[in-house]
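This report refers to the structure that appears directly beneath it.
The values are calculated or read from the model by the stated rules, or taken from the named source; none is laboratory data. Treat the numbers as computed from the prediction; the structure is a model and nothing was measured. Note: ideal-geometry Cβ built from the backbone for every residue, glycine included; neighbour counts use all protein chains shown. Just so you know, the surface numbers come from the protein's heavy atoms only, side chains and all, with ligands and any DNA or RNA stripped out. Shrake-Rupley method; radii C 1.70, N 1.55, O 1.52, S 1.80 Å.
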Amino acid sequence: MKKLLLLCVLLVFPSRVWAETWTVDAGSAVTYYVHHPMHEVVGVSKDIKGEIAFNAAAISDFTGVAGKPIQADWTSFDSDNGNRDQNVLKFVEARQYPTITFVPIAIRIESEKSPNIYRAKLAGHLYVKGIKKKMVSDATIDLSDPNRLRIRTRMERKLTDFGIEPPSLLFIKTKDPFEMDIDLFFVKK
Amino acid sequence: MKPIAIFVAAVLGLPSFLFADARDMSGNFSLVQDAPILVAEVDPFSMDEDESTVAADDPFLQPVQVEVTDEMRRYDRRYRMLKYHQGFAIAALGLWAGQLITGQILYSQDNFKATWADSNRTRMAHQIFAYTSYSAYSTAMLLAITAPKFDKKQAGRDAVSTHRALAWVHGSTMMLLPWVGLVSARLNSSTNPPSPTVSKAIKTGHLAAGYAGWGALAGAMLTILID
């Protein structure tokens, strides 16, 4: 009987895959970098929403993530130029596709950089202007604060991958490649 | 008791087994909640696009149906007008440069007796540049003034406010330059021309204003370019 009860406990509570839900917290930011021959354009959004299910207790051999979409409204991006921010809405067709969305599909811990800070590989899909593209990037997972998870990564793509014609300023075109820094803080739900 | 215990364990434990080890062939766990499910054969870390999800089932690929509002139309009109404003402003800058070059040549001929250019042709070219640059500039100015405005204000000084501030400099010089040039030409060709000193002062002022205005216009363009 005792063995049966123990079996029930082991079956119901497999700690290895008991993922907790973490919600995006204040301090998170998504930053895009677009390059024009005459200047760099940097736009930041600090209004990020989303959740992931993550098993911080089994971080050392964890290879997974279950995530809801991480989203930022295009109107929340600020590049210190109101005219430019308005133009960005036009280029990404924000009326039809009001958010930039990232859906994580897998994360793989690769090594420990320092205590509670891990190098990882992050895979997911990025949705911009109604186009979905696979993104695989190096990420850093910081569990220095056990109640606050931090995931940082940089993604690189081309504007034309998402059907965005590189905009021009005074008839000089911006460069096609752009980068996106994602710096997310999560707290347990 | 035993069958009941086994039954309870199976019911409670079954979900754990369902989600416990959904690994793909690469040994990576990839379960996505509330998002399109991936086919296990696709390595999530490869850059191969996953074609298993149907676009119609993917909520993030569906456009939002929006009604075009007056503000959207205003913004579209503003965007188009400012694009034309850029084009006419660049044309005005180039034509104004031609005006300056020919004006400098004329000034050198009149005041330093330079003889390396035909005075009549240079004068005609200067007038043509003056009329065309004035037309291009006026068009650019009207487009900027009449383009719909937006209420989003930037705190402090930014490129756009600097751009607008410089407009007062190149705008005022561009409006005055043709009149000063015409007055100067009329006075010098009249039966009672002014003294050489006065004539030279008017021409010097005309040339200096031309350079100052052109510099302000070029600066206004740079503020937008390098912001």
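Here are a few things to note about the model shown:
- Qualifying residue in the stretch A:41-57 (condition: surrounded by fewer than 20 Cβ atoms within 10 Å (Cβ to Cβ), in contact with a His (Cβ under 8 Å, 6 or more places away or on another chain) and modelled with pLDDT under 95): yes
- Close pairs from the stretch B:169-180: first open to solvent by 60 Å² or more (accessible area, probe 1.4 Å), partner not charged (D, E, K, R), Cβ under 6 Å, at least 6 apart: B:Val169/B:Ala216
- Against the list (1) under 25 Å from A:Glu93 (Cα atoms); (2) modelled with pLDDT of 90 or more; (3) β-branched (Val, Ile, Thr), the condition B:Thr102 fails is (1).
- If the condition is being in a helix (DSSP H, G or I), farther than 24 Å from B:Ile128 by Cβ and more than 14 Å from every other protein chain (Cβ to nearest Cβ), then the stretch B:182-227 contributes B:Pro196, B:Thr197, B:Val198, B:Lys200, B:Ala201.
- Screening the candidates B:Asp48, B:Asp58 for the property of being modelled with pLDDT under 85, open to solvent by less than 40 Å² (accessible area, probe 1.4 Å) and of a type in the set (Asp, Glu) yields one hit, B:Asp58.
- Of all the numbered requirements in (1) within 21 Å of A:Trp74 (Cα to Cα); (2) not in a loop (DSSP other than H, G, I, E, B), A:Ser137 misses one, and that requirement is (1).
- For the stretch A:63-99, a residue qualifies if it is charged (D, E, K, R), outside any strand (DSSP E or B) and either more than 10 Å from chain B (Cβ to nearest Cβ) or touching a residue at least 40 places away in the same chain (Cβ under 8 Å) (or both), and the qualifying residues are A:Arg84, A:Asp85.
- Tally of residues being open to solvent by less than 70 Å² (accessible area, probe 1.4 Å) and more than 8 Å from chain A (Cβ to nearest Cβ) across the stretch B:61-70: 1
- Evaluation of A:Thr160 against the conditions (1) assigned to a strand (DSSP E or B); (2) more than 9 Å from every other protein chain (Cβ to nearest Cβ) shows that the sole unmet condition is (1).
- Total residues in the stretch A:163-189 satisfying the condition of being closer than 23 Å to A:Met38 by Cβ and in a strand (DSSP E or B): the figure is 9.
- Considering the stretch A:100-130, and only residues there that are surrounded by fewer than 20 Cβ atoms within 10 Å (Cβ to Cβ) and at the interface with another protein chain (Cβ under 8 Å from one of its Cβ atoms), the residue that is farthest from A:Ile164 (Cα to Cα) turns out to be A:Lys121.
- Annotation note: of B:Ser199, B:Ser108, B:Ser133, the sole residue that is surrounded by 14 or more Cβ atoms within 10 Å (Cβ to Cβ) and modelled with pLDDT of 95 or more is B:Ser133.
- Pairs meeting the criteria (first residue in the stretch B:72-98 and closer than 18 Å to B:Phe150 by Cα, second residue surrounded by fewer than 16 Cβ atoms within 10 Å (Cβ to Cβ) and basic (Lys, Arg), beta carbons under 7 Å, at least 6 apart or on different chains) are B:Tyr79/A:Lys90.
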